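The values are calculated or read from the model by the stated rules, or taken from the named source; none is laboratory data. Computed from a prediction, not measured in an experiment: that's the story for all the values here. Positions of Cβ are backbone-derived with ideal geometry, glycine not excepted, and every protein chain shown enters the neighbour counts. For accessibility, only protein heavy atoms count, side chains too; no ligands or nucleic acids. Shrake-Rupley method; radii C 1.70, N 1.55, O 1.52, S 1.80 Å.
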Amino acid sequence: KVGRAQRPPDFVIVPDKVAAGNESLEWSLEWRDKLPEIGTRYYLAVQDGMSSERVNEVLDSFGGLFVGGTMDWKLRTSKEWVELAHAHRKPCHIGRIGPWNRIVWAARIGADSIDSTTWVQQNRWYHIERAKAQEVLIYE
């Protein structure tokens, strides 16, 4: 389906296993070798239990990092993953980040992108305008 899209996706996440640590990493490495080049970047999803040392060894095989996993783990470790990705000159996306305060937090730790459906689910579109208006404050 990616090949038929009018606009290619910014990235594609290599298959992973949620909160499965090194088992997920090995699974993703197996998949990475099977995936065709489609003109977009493949991101490695980091999960609870993965070590930055092991990910550091394989990160150059991917176009970026996607921070997945449980919320507690994500909040504790995302800054480390952002730093690791940037050390490799790769972008880092934090998935399923949730409410406004976490969006601001993700910007402050240097995440390149995030995803959240909170404002859609709660019909709070004003958060988008609020983020635009506070851009300078977020990045200071």
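Scanning region 86-114 for residues that are touching a Gly at 6+ places or on another chain (Cβ under 6 Å) and under 17 Å from Gly69 (Cα atoms) gives a single hit, Gly95.
Residues that are open to solvent by less than 40 Å² (accessible area, probe 1.4 Å) number at least 3 in the following strands (runs of 3 or more DSSP E) confined to region 1-105: 41-46, 64-67, 92-94.
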